[in-house]
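Input: a single structure, listed below in structure tokens.
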Amino acid sequence: MRELTPKQLCNKCDPNIFKFRTTAELKEFDEPVGQKRAVAALEFAAAINSDGYNVYAMGQIGTGRSSISRKFLQKRSKQQPTPRDWCYVYNFADPRVPRALSLPAGKGVEWASDMDAVIGEMVTHIMAAFESEEYNEKRDDILRGFRDERNKELQTFEEEVEAAGFTLGRSPAGLIVAPAHDGEVMDPQQYRELSDKERTRLEDERLELQGKLAEIMRRGQREERQTRQDVIELDRDIARAVVEPLIKDIRTKHKHHQAVLEHLEGIQEDLLENVTNLRQTSEDGEDHMQVGGPGGGVTGAMPLMERYRVNILVNNAETHGAPVITEANPTIEALTGEVEHQTHMGALVTDFTMIKPGALHRANGGYLVLEAHQLLQRPFAWDALKRALKSDQVCIESLRDQLRFISTVSLEPAPIPLDVRVILVGSPWLYYLLYEYDEDFRKLFKVKADFGTQMDRTHHAARQYAAFVGQMCRQEKLPHFSARALARVVEYGSRLAENRRKLSLSFSEVSNIVREAAYWASKHDRKVVSADDVSYALQQQLWRSSRIEERILEMIKDGSILVDVAGSEVGQINGIAVLQLGDYALGKAGRITCETYLGRTGVVHIEREVKLTGRIHDKGILTIGGFVGGRYGQDIPIALSASLAFEQIYDEVDGDSAASTELYALLSSLANVPIQQGIAVTGSVNQKGEIQPVGGLNHKIEGFYATCKTLGITGDQGVMIPHTNVRNLMLNDEVIAAVENGQFHIWAVKTVDEGIELLTGVKAGKRGKSGKYPKNSINALVEARLREMAEKMKPTRPAGKSEPMQ
């Protein structure tokens, strides 16, 4: 056991290690601090070309797992080639499956712009050609020739009919040959008055003429079809003369892109096939852009000229190097893209121009950063991402497609080849869950970038802290920090790490205190942040959150919560618990009591019996029983009933940091030796009686000091801690000053024997060669009490009585 000196209570940072007066003198710094292992993992994943080497950036919030990953990727991406543009175009063979075309970066938007311009020119020129006198004359010549030939043939036939005593009439079925009388159709009465022979002759001649008429009509239909085809060929020739020069310019500009040339050929053929629709629209006075082509849009005809446009899905014209995309809301549509719809006459219609890209499209050829927790919360998004990574292609999916029960007609855009490295950012427990229960995760995310929470506190690490603060001041336009202020920030970093030899890598919390210290410096009209500003910022941060702690101290002072910090009591001791209230932790002193009596129930904890304890605490109670049995039960049976309790605790209790405290209370009760109430205890214990380290030490010590200060400082008070926890001490200045003035004490112990001696002022005692403890030592008193209890618990048999036979 040893009492700690003020220097052992906090590892102060020497401002002289900083070779500057303020952080303004430091150079630009944009390197990750203390995350060599994680950065090396990112470098490995970015460099390896094999499939499945995506990254899970694992770490606690605030360790830079997201920001460091993004900065590293952005820096590396500048050294990589810029990926190609991607676009969707109309598929003339199957309109439901738009084609995906790839072009060099920046060429896609050029092509789209060229097509937009040429579409307008084509329509204007074609319409002008159709309205020209030359076209109308040629068209009229074709139609006139057909009409003249048709009329001439019918006129000749009509003369032949009249010469034979017949005439041409009309019926619902068309032209017919009928007997005539005086140039008019013979009425039924006149026809019946004819002789049978005459009627037979007329009928035979009528049938012959009717056959000739049918042949003339059939020939006329063939000639009409040919005439229409001649008009269509004329339209195509006129349109070809207009279109070919315009498309030739684009074909020449993009002559090195075979996919563009093939699509331009398809555009020209399709336009020539549908050019008559454009001409008819012009004649009807309708908007040429609304002309519907066959099969153009899903559940609706797509305007003819619209189908020749280019839908730029990914435009890398302004991208320098590989893209780094962060998707904050990773829904299935946000990842894989979607096909939008619009309402038209009560129906939902769509076409290839309504295809929108997803994050996978935009990150193609580069990196995609996603929050794992956000991704797993979005329905079907995780499965969609895995499908894309396993197949190395992006298929557009939507939540609507996953949930629909009735098959509907929609677009099925052609998939796009995928080359992307995905970085999932998440917590360690989520990584272990995915690794254990998702086989695909192991295959697809083979690289773990493990972001630590602390680094060794060296002079170099402290200077990195200074560089980080300086860079932050420049970026956020904060007043710069003096060397002494930086020393206080470094000490705060060790406090966050709960280790005097380490510095915290939770830069979100470090950044907060830097901003707040800068605010208070500005409020006090200081151009440079001082150590006092940092200290004041820390005090204000605690004060804003300390209302509940102040209320607890008030209750202790007025006796609502029973805590003694003076005098001595048998079987009673002060423990310290840490209450975590969001971002604020406080140490709360509490009374632990123990009563021992005859019985065989062993060590019983009241909270455990009413199920207010967790499994770790229950383990600590069983450990106490193991210690008692191992030390005192070698020669005598342990016939003991002991009741332990955390007084005035009504919430669930867990952890074994009070195990040694409970053991001290038990030993005090058994030995009937009082414990000093001014000493609070924390520490775990094993069955060998060795004191083990615990967490939250700084909060516990400061909490008990605040309790003693509230009830009155006596100069004898203090806290007893495990000796292995000394490295965790980073106490505030007030506690350190109290220790320096002899008003408060902190002791470090290794064993239960050292602790009980300090608490009672009585030697613990060691077994001698005779196997006995020294007289009046704690161990001797405990053993004597247990022996006495064992004797009293022996079964007694009345005189003259014997055991009944079985």
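The values are calculated or read from the model by the stated rules, or taken from the named source; none is laboratory data. None of the values given here were measured: they were computed from a predicted structure. We place every Cβ from the backbone using ideal geometry, glycine too, and count neighbours over all the protein chains shown. Accessible surface is based on the protein model in full, side chains and every heavy atom, while ligands, DNA and RNA are left aside. Shrake-Rupley method; radii C 1.70, N 1.55, O 1.52, S 1.80 Å.
By the scheme Lys and Arg +1, Asp and Glu -1, what is the net charge of all other residues having a beta-carbon under 10 Å from that of Ile396? Intermediate values should be presented prior to the final figure.
Values: positive: Lys356; negative: Glu333, Glu338, Glu397, Asp401, Glu412.
Summing Lys/Arg as +1 and Asp/Glu as -1 gives -4.
How far, in degrees from 0 to 90, does helix 615-632 lean away from the longest principal axis of the Cα atoms of the chain, to the nearest 10?
That helix lies at roughly 30 degrees to the long axis.
Length gain on complete extension for the stretch Glu509 to Glu215, per 0.36 nm per residue less the alpha carbon to alpha carbon distance? Before the final figure, lay out the partial values.
Numbers: separation 294, 0.36 × 294 = 105.84 nm, distance 9.77 nm.
Gain on stretching Glu509 to Glu215: 96.1 nm.
How big is the Kirkwood radius of region 342-479, worked out from every pair of different alpha carbons and given in Å to one decimal?
Working: mean 1/r = 0.0524 Å⁻¹.
Computed over region 342-479, the radius equals 19.1 Å.
Arg96 to Ala47: FRET efficiency via 1/(1 + (r/R0)^6), r the Cβ-Cβ distance, R0 45 Å, to the nearest 0.05? All intermediate terms of the calculation are to be shown ahead of the outcome.
Numbers: r = 41 Å, r/R0 = 0.92.
That pair, Arg96 with Ala47, gives E of 0.65.
Assuming R0 = 41 Å, what is the FRET efficiency of Glu134 and Gln393, from their Cβ-Cβ distance, to the nearest 0.05? If you can, show how the numbers build up before the last one.
Numbers: r = 52 Å, r/R0 = 1.26.
E between Glu134 and Gln393, to the nearest 0.05, is 0.20.
How much of the accessible area of the chain, in percent, comes from carbon and sulfur atoms when a 1.4 Å probe is used?
Values: 20280 of 41060 Å².
That fraction is 49 percent.
Obtain the nm distance between the two label points defined at Gln634 and Glu153 by a simple spin-label model: each point lies 7 Å from its Cα along the Cα-to-C-beta direction.
About 13.0 nm separates the two model spin labels.
Does anyone have the angle between helix 459-476 and the longest principal axis of the chain? Alpha-carbon axes, 0 to 90°, nearest 10?
Orientation of helix 459-476: about 50 degrees from the principal axis.
Which of the trypsin sites (Lys or Arg not before Pro) found in region 502-531 are in a DSSP loop and have at most 14 neighbouring Cβ atoms, other than their own, within 10 Å? Numbers along the way, then the final one.
Details: sites: Lys502, Arg515, Lys523, Arg526, Lys527; in loops: Arg526, Lys527.
Those that pass, being in a loop and sparsely packed, are Lys527.
Hey, got the dipole for the chain? About the Cα centre, +1 on K and R Cβ, -1 on D and E Cβ, debye to the nearest 20? Can you show the working numbers first?
Details: 101 positive and 114 negative charges, 1561 e Å.
About 7500 debye.
Suppose only helical runs count, i.e. DSSP H with n ≥ 4. What mean residue ellipticity at 222 nm does that imply for the chain under -39500 (n - 2.57) per run, divided by all residues and rounded to the nearest 500 deg cm²/dmol?
Details: 27 runs with 376 residues, N = 806.
Taking each H run of at least 4 residues, the total per residue is -15000 deg cm²/dmol.
Assuming a ≥ b ≥ c are the square roots of the Cα gyration tensor eigenvalues, decide whether region 468-518 counts as rounded (a/c under 1.5), prolate (otherwise, with a/b larger than b/c) or oblate. Spell out each step's value before the answer.
Details: a/c = 2.41, a/b = 1.72, b/c = 1.40.
Here region 468-518 falls in the prolate category.
For Lys527 and Gln475, what does the FRET efficiency come to when R0 = 22 Å and r is the distance between their Cβ atoms, rounded to the nearest 0.05?
Details: r = 18 Å, r/R0 = 0.82.
Calculated transfer efficiency: 0.75.
Per residue, how much accessible area does region 186-226 have with a 1.4 Å probe, in Å²?
Working: 3010 Å² over 41 residues.
I get 73 Å² per residue for region 186-226.
Which angle from 0 to 90°, rounded to the nearest 10, does the C-alpha axis of helix 531-545 make with the longest principal axis of the chain?
Helix 531-545 sits at roughly 80 degrees to that axis.
Over the chain, what is the percentage of antiparallel beta bridges among all DSSP beta bridges, to the nearest 5? Working shown, then result.
Working: 54 of 87 bridges.
Bridges in the chain are about 60 percent antiparallel.
Specify which residue in the list Ser132, Gly108, Val97 is farthest towards the positive end of the charge dipole of region 70-160, using unit charges on the beta carbon of Lys, Arg (+1) and Asp, Glu (-1), about the Cα centre.
Gly108
Skip the ligands, DNA and RNA, and give the accessible area per residue of region 664-757 with a 1.4 Å probe, whole Å².
Numbers: 2920 Å² over 94 residues.
Solvent-accessible surface per residue comes out at 31 Å².
Could you work out the per residue convex hull volume over the alpha carbons of region 585-725, in cubic angstrom? Present the calculation step by step, with values, prior to reporting the outcome.
On the way: hull volume 16.7 nm³, N = 141.
Value for region 585-725: 118 Å³ per residue.
When ligands, DNA and RNA are left out and all protein chains stay put, how many square angstrom of accessible area per residue does region 6-51 have with a 1.4 Å probe? Show your work: numbers first, answer last.
Numbers: 3010 Å² over 46 residues.
Each residue of region 6-51 exposes 65 Å² on average to a 1.4 Å probe.
What is the Cα radius of gyration of the chain over 2.2 N^0.38 Å, N being its residue count? It would help to have the intermediate numbers written out before the result.
On the way: Rg = 47.3 Å, N = 806, 2.2 N^0.38 = 28.0 Å.
The value comes to 1.69.
Give me the extension gain from Lys19 to Lys750: residue separation times 0.36 nm, minus the current Cα-Cα distance, reported in nm with one decimal. Please list the in-between numbers first.
Details: separation 731, 0.36 × 731 = 263.16 nm, distance 4.08 nm.
Gain on stretching Lys19 to Lys750: 259.1 nm.
Before anything else, pin down the relative contact order of region 324-457: Cα pairs under 8 Å, at least 6 apart, normalised by residue count, whole percent.
Values: 187 pairs, mean separation 37.7, N = 134.
RCO, region 324-457: 28 percent.
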